[in-house]
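Engineer: One structure, pasted below without further comment.
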Amino acid sequence: MDLYSDEIAYLAHYTKHIFLVALAWLQIRNFLQEKNLITEEEKNQIDTLIINHDQSKKTPEEWIAYARYFHPKGNMSKQERKKSFQKAVAIHKQRNLHHYESLREYKGPDYKCYLIEMVCDYIAMGWEFGNDLFSYYDKKNETIDLPFLYKEYLNEVIETLKHPSMKGIKEPFSFKRVLSQEKNMP
Ligand SMILES: [Zn+2]
């Protein structure tokens, strides 16, 4: 990959997203298990998914388009950037089961793990862009097209996460808050 400084700068955005997804997972993992929404095996599998979250963004066909979108180059029009970004997003969604566009075709017994990875992605994006999981989900609910069983499980997870002990999901992100909560995690 021939990298320009703008594409290296995108590393900060990418790394922050991966880190926030991991922090989102840390906040909810024990709670979801307590509520019997995931088993010990599923928890272990999700640990692995979270560690590898969005790895495909490191391929040139995704990385360069994402980088140009977040760090525009002077000689690219807004329209060009948007077009290349949309193309990269489509490739990304095809390759990753944590996006409902791919997950809806998936028939594996571990579909819940990908749904939880998707929820962590939404929590992280809420922290990044100020649109929390619950309001985002309310807005997107109709478009999130998944098999009935998958959607039913997803709705239950989202409802359960409205518990007062999970209020950090809705609060603006701060490293200080998350790290102090982390100390209390079993
Ligand atoms: Zn993704």
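Just so it is clear, none of the values below were taken in a lab; they were calculated from the coordinates. Everything numeric in this text was worked out from a predicted model, so none of it was measured. Positions of Cβ are backbone-derived with ideal geometry, glycine not excepted, and every protein chain shown enters the neighbour counts.
Engineer: If the elastic network links every pair of Cα atoms under 10 Å, which of K176, K87, K58 fluctuates the most in the Gaussian network model of the chain?
Structural biologist: Fluctuation is largest for K176.
Engineer: Measure up K140/K162; K78/K170; K93/K170; K93/K167 against 21 Å on the Cα-Cα distance and list the ones that go over.
Structural biologist: Going by Cα-Cα distance, K78/K170; K93/K170; K93/K167 fall outside the 21 Å limit.
Engineer: Rounded to the nearest 500, what is the 222 nm mean residue ellipticity of the chain from helices alone, with -39500 (n - 2.57) per DSSP H run of 4+ residues and division by all residues?
Structural biologist: Mean residue ellipticity, 222 nm, calculated: -21500 deg cm²/dmol.
Engineer: Another question, then. Need the full-extension length gain, K82 to S56, defined as separation in residues times 0.36 nm minus the C-alpha distance. One decimal, nm.
Structural biologist: Extra length available between K82 and S56 comes to 7.4 nm.
Engineer: A further question on this structure: Using only the Cα atoms of segment 1-84, what do you get for the radius of gyration and for Dmax, in Å?
Structural biologist: 17.0, 53
Engineer: May I ask you to order 90-102, 34-46, 110-122 by the average number of other C-beta atoms within 10 Å around their residues, highest value first?
Structural biologist: Packing order, densest peptide first, comes out as 110-122, 90-102, 34-46.
Engineer: What is the projected area of the convex hull of the Cα atoms of the chain, averaged over all directions, in nm²? Before the final figure, lay out the partial values.
Structural biologist: Numbers: hull surface 45.6 nm².
Over all viewing directions, the chain projects a mean Cα-hull area of 11.4 nm².
Engineer: Follow-up. Any idea how far the Cα center of segment 54-129 sits from the one of segment 1-40, in Å?
Structural biologist: Between the Cα centre of segment 54-129 and that of segment 1-40, the gap is 13 Å.
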